[in-house]
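Asks: My structure is below; once you've seen it, I'll send some questions.
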Amino acid sequence: MINKKNAGAVVLIMILVFMGCMGGKEKSDLYIMEELEAASSIEGTAKRIERLKIFLNNHPEHMCREFAYNKIFDTLTEDSGQSGKAMAFFDEVMGTEEDPVIRGTFCYKKFTYLWSVDSTEAIDFAASLLESDEKGFRLFVYLGFDLGYRGRNELAGEMFRKAIDVGNSSFENSFAGMLYGESLSKQGKEDLALGLLKKSADNVFAGKQLGKILWEKGERRGAIEAYINFVAGVPGERGEVKLDSLYAIVYPDNAGELDEKILESRIGHKTLLHGSRFVDTEGKYYNLSDYKGKKLVISAWSPT
Amino acid sequence: MEKLKNMEDELGFKLFLINMKGYLNKTRAILKEKNVTIPVLLDCKSYSRCVLHVNYTPTTFIIDKDGIIRSRLVGNCEGFKEIVEEVIERI
């Protein structure tokens, strides 16, 4: 029987049980990461692949399976004699994996490998993805980047157009639109590029290309506005686009207002932060939702 | 970023880093070498890619007290700490 005398103890036990359950869950992500890292670090290739496959069996739903796929593929392609096995592994994964993001990342992995051994085969593979049902937004963005960098601007443009088709948020659409606009501009299709970049102005990088085109067309105030949006989001580029000089040309009597205009643009975003739970490198858990009522600064970066 | 962490109490904010890549031991070694004391969150669910839509690293988000992302800054540059401080004070 629960009475007043032992109610406190019951509540304490319930709290401890709850914390115990949470503790088990809290540790799991970190343990999974450690398990993956241990498997990836094994010296012998056969043993490494075996352990990574065990990892995949143990955690078939965990997002970190993407790293395991990539590591197995990399291990198999380290030895040119194993490339057939790498392709078989690729087919095996694509036969079962359903997450479009992970499928996309893995397709891009295959593309980069193919490019290192036979660029024609890589281009054929990329072109085949345009006709496929793949819906990985980043796949087509990455392919577009890569192909553009390698001078294949037309095919790069098609990749960005496909990225717009498969994008499922305004952010993705404006990012892909900006890239497609930039690609069209490189192909000398300035008018098409201009229309697309204006539609994609939500993306800060659209401002750089838009500012350049508008300035060249003599639409100087529009160019300044575009450059301000760009520099607001990418502060390190202020000197690169010579914003201070251009602003002084267009607004010679109000050059002192530029800093305030940049700041207004910089704080003008209004997107809700979706809370999520994270474990840190020491195993401590944080839930971003717990910080409502406090300002946050979150920096996403890749130290390795 | 460590310099920015020293301003947490004065400016009333909380600072986090999200590690977008899954190399845990290398990350720990770097944090130790550089004496980083900021909590480094592991991005096990691809939050930065799929929710925050991060395409360039580093990308820094500044969020107001209502949980609204008010600023999204790409890259790092001279004077970056002052830029972040200015935004925090204004929002």
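Asks: State the number of residues belonging to the stretch A:217-246 that are within 10 Å of residue A:207 (Cβ to Cβ), away from chain B (no Cβ under 12 Å) and small (Gly, Ala, Ser).
Replies: The number of residues fulfilling the criteria is 2.
Asks: Return the residues of the stretch A:130-149 that are within 11 Å of residue A:163 (Cβ to Cβ) and either of a type outside the set (D, E, K, R) or in contact with a strand residue (DSSP E or B) (Cβ under 8 Å, 6 or more places away or on another chain) (or both); say none if nothing qualifies.
Replies: Answer for the stretch A:130-149, where residues must be within 11 Å of residue A:163 (Cβ to Cβ) and either of a type outside the set (D, E, K, R) or in contact with a strand residue (DSSP E or B) (Cβ under 8 Å, 6 or more places away or on another chain) (or both): A:130, A:136, A:137, A:139, A:140, A:141, A:142, A:143, A:144, A:145.
Asks: With A:131, A:154, A:237, A:219 as the choices, which residue is within 19 Å of residue B:72 (Cα to Cα) and of a type in the set (Asp, Glu)?
Replies: A:237
Asks: Then there's this: Of all residues in the stretch A:38-85, which are acidic (Asp, Glu), part of a helix (DSSP H, G or I) and within 18 Å of residue A:98 (Cα to Cα)? Walk me through how you get there before you give the answer.
Replies: Let us first name the residues in the stretch A:38-85 that are acidic (Asp, Glu), namely A:43, A:50, A:61, A:66, A:74, A:78-79.
In the following step, the residues that additionally are part of a helix (DSSP H, G or I) were identified as A:50, A:66, A:74, A:78.
Scanning the stretch A:38-85 gives a single hit, A:66.
Asks: Give just the number: which of (1) buried (at least 20 other Cβ atoms within 10 Å of the Cβ); (2) modelled with pLDDT of 95 or more does residue A:130 not satisfy?
Replies: Among (1) buried (at least 20 other Cβ atoms within 10 Å of the Cβ); (2) modelled with pLDDT of 95 or more, the lone unmet condition for residue A:130 is (1).
Asks: Then there is this: I need the full set of residues from the stretch A:178-198 which are among the small types (Gly, Ala, Ser), in a helix (DSSP H, G or I) and surrounded by fewer than 19 Cβ atoms within 10 Å (Cβ to Cβ), in order please.
Replies: Across the stretch A:178-198, the qualifying residue is only A:195.
Asks: If we scan the stretch B:16-26, do we find a residue that is modelled with pLDDT of 95 or more and over 24 Å from residue A:41 (Cβ atoms)?
Replies: yes
One line per residue, one yes/no per condition, for (1) among the acidic types (Asp, Glu); (2) outside any loop (DSSP other than H, G, I, E, B); (3) more than 7 Å from chain A (Cβ to nearest Cβ):
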position	(1), (2), (3)
B:28	no, yes, no
B:57	no, no, no
B:69	no, yes, no
B:85	yes, yes, yes
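Each row is one residue, and each column tells you yes or no for (1) among the acidic types (Asp, Glu); (2) within 25 Å of residue A:138 (Cα to Cα); (3) under 22 Å from the mean Cα position of the chain (by Cα).
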{"residue": "A:46", "(1), (2), (3)": "no, no, no"}
{"residue": "A:49", "(1), (2), (3)": "no, no, no"}
{"residue": "A:59", "(1), (2), (3)": "no, yes, no"}
{"residue": "A:66", "(1), (2), (3)": "yes, yes, yes"}
{"residue": "A:89", "(1), (2), (3)": "no, yes, no"}
{"residue": "A:98", "(1), (2), (3)": "yes, yes, yes"}
{"residue": "A:105", "(1), (2), (3)": "no, yes, yes"}
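Asks: Whether any residue in the stretch A:166-177 is of a type in the set (Asp, Glu), within 24 Å of residue A:219 (Cβ to Cβ) and either outside any helix (DSSP H, G or I) or at pLDDT below 95 (or both) is what I want to check.
Replies: no
Asks: Would you check which residues across the stretch A:276-304 are of a type in the set (Gly, Ala, Ser) and touching an Asp or Glu at 6+ places or on another chain (Cβ under 8 Å) and list them?
Replies: Within the stretch A:276-304, A:283, A:300 meet the criteria.
Asks: Out of the residues in the stretch A:268-285 meeting the condition of being more than 7 Å from chain B (Cβ to nearest Cβ) and small (Gly, Ala, Ser), tell me which one is farthest from the chain's Cα centre (by Cα).
Replies: A:283
Asks: Taking the conditions exactly as written (outside any helix (DSSP H, G or I) and within 27 Å of residue A:172 (Cα to Cα)), does residue A:201 satisfy them or not?
Replies: The answer is yes for residue A:201.
Asks: Another question about this same structure. Residue check: is residue B:56 in contact with a Ser or Thr (Cβ under 7 Å, 6 or more places away or on another chain), of a type outside the set (A, V, I, L, M) and within 22 Å of residue A:271 (Cα to Cα)?
Replies: Against the criterion (in contact with a Ser or Thr (Cβ under 7 Å, 6 or more places away or on another chain), of a type outside the set (A, V, I, L, M) and within 22 Å of residue A:271 (Cα to Cα)), residue B:56 does not qualify.
The values are calculated or read from the model by the stated rules, or taken from the named source; none is laboratory data. None of these values were measured; they are calculated from a predicted model. In this analysis, Cβ positions are derived from the backbone assuming ideal geometry, glycine residues included, and neighbour counts consider all displayed protein chains.
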